[in-house]
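Note sheet for the following structure.
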Amino acid sequence: MTTGQDLIDQIETFAPLGLREPKDPTGLQLGDPNQTIKKVLVTLDVRPEVVAEAIDKQVDFIFAHHPVMFRPAHNLDTRNPQNKMYADLLAHHITVYAAHTNLDKAQGGMNDWLAAALHLENIQNIPSNEADTLYKFVVFTPIANADLMRSALADAGAGEIGNYSHASYTLAGQGRFLPESGANPTIGAQGKLETTQESRIEVLVAETKLQAVVQAMRQTHPYEEPAYDIIPLKNSASTIGLGRVGDLAHPRSILEFAEQIKQDFKLSGLRIISHNRQQKIQRVAVIGGDGGKFYPYVLTTGADIFVTGDIYYHVAHDMLANGLAAIDPGHHIESIVKPQMTAKIQTWGQQFGWDLTVIPSELSTDPFYFI
């Protein structure tokens, strides 16, 4: 049996809620996450036509990139199409979950998918002023389990310091415990004080990776009740990336690059912001969705061009004044979430033995058509 919460826990391990922008209504949108789920629909937007598709396909969980409840409902008058949509979801017991700006920032998430689709190399985060809270994570484990534990913690993202990974510190000592009635000890017996040789493993963990590290520890630890500490630190981890920046394999003109984007994303049109469309470019920054306001951070990366959607008229002028060209392919290129998250949830299903069917929405929710 797989519940919605099982899936949500894994989503939030991959794209922690701590990454979301302030006031972004990311997370559970509607429904009961404790109910059993059998079929998941992945979509960019939750619109009435998508809900009709979900009902027709007997879906019981919708994963969306864009939150369905950006604005609170002031009444439940179902003559309003949005309220009617909520009512239909509830009537058919469909749980809706959205991962928005946390998925944009997550390593291996939206902006990494877009960077790969743009054929970028040497991909790095676009730095921001936002820094991750840092913790010291300490776990006590039998010495024979220490190597496996260190590896599991590192694979989950612990022990990353600058350009180094797998950083940890280990001390040997004696662990003591008394298994009480009802305990099922890996070492020792009920009612008998036990002493065993253990390793104390210390690693640094960013808050956005903490849930994944705790989960990895529990899956790897041989004890039914592992002992561990989570200690907040004053120093902070590396900055969280708003988007990604990378290089094209070879310089290209802005117009050539724009034509390639149009072809790859199957667009009927896009906007170019440049004084010279024949200018050769190689270093490219990308932020999915509406990222124009973040162009000052892009300037620090040395990017020749910035790819993002919904660029505001006056922001476009400011970009040009600062010598930054841009391509606006629209917001809907984030529909890349459909194949990517479908594949990811399917992988989780195989990994955890979930009995789930996962399907991408077949509908386009792009509200614009170019002529």
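Just so it is clear, none of the values below were taken in a lab; they were calculated from the coordinates. Just so we're clear, the structure is a prediction, and the values are computed from it rather than from any experiment. So basically every Cβ, Gly included, is an ideal-geometry build from the backbone, and we count neighbours across all protein chains shown.
Centre-to-centre separation between the Cα atoms of region 1-15 and those of region 157-174: 27 Å. Put in line by how crowded their Cβ is, counting other Cβ atoms within 10 Å and starting with the fewest, F294, F137 read F294, F137. Taking the alpha-carbon centroid of each part, what is the distance from region 326-357 to region 24-79 in angstrom? What the calculation gives is 16 Å, centre to centre. The sum of -39500 (n - 2.57) across all DSSP H runs of n ≥ 4, divided by the residue count of the chain, sets its helix-only mean residue ellipticity at 222 nm to -8500 deg cm²/dmol.
Considering only beta bridges that DSSP places wholly inside the chain, some 70 percent are antiparallel. Projecting the Cα atoms of Q197, G182, N235 onto the charge dipole of region 131-239, computed from C-beta unit charges around the Cα centre, puts N235 farthest toward the positive end.
Each of F306, F140 was scored by other Cβ atoms within 10 Å of its Cβ. Arranged with the fewest first, they read F140, F306. Distances between placed amide hydrogens fall under 5 Å for S364 paired with no residue 5 or more residues away or on another chain.
Structure remark: mean-square fluctuation, Gaussian network model of the chain, C-alpha springs under 10 Å; the largest value among E194, E53, E12 belongs to E194. Of all segments of the chain bounded by trypsin sites (Lys or Arg not before Pro) found in a DSSP loop with no more than 16 other C-beta atoms within 10 Å, the longest spans 80-191.
Short-range pairs are left out: with C-alpha atoms under 8 Å and at least six residues apart, the relative contact order of the chain is 20 percent.
Which one, V284, V42, V214, has the greatest fluctuation when you compute a Gaussian network model over the chain with C-alpha springs under 10 angstrom? Per the Cα network of the chain with a 10 Å cutoff, V214 tops the list. Cβ-Cβ distance of N80 and E225, R₀ of 30 Å, FRET efficiency by 1/(1 + (r/R0)^6): the value works out to about 0.05.
Here the Gaussian network model covers the chain, with springs between Cα atoms less than 10 Å apart; of Y297, Y313, Y86, Y313 fluctuates the most. Across region 131-239, the mean sequence separation of Cα contacts (distance under 8 Å, 6 or more residues apart), normalised by length, yields a relative contact order of 47 percent. Between K57 and A116, the simple spin-label model (points 7 angstrom out along Cα→Cβ) gives 2.1 nm.
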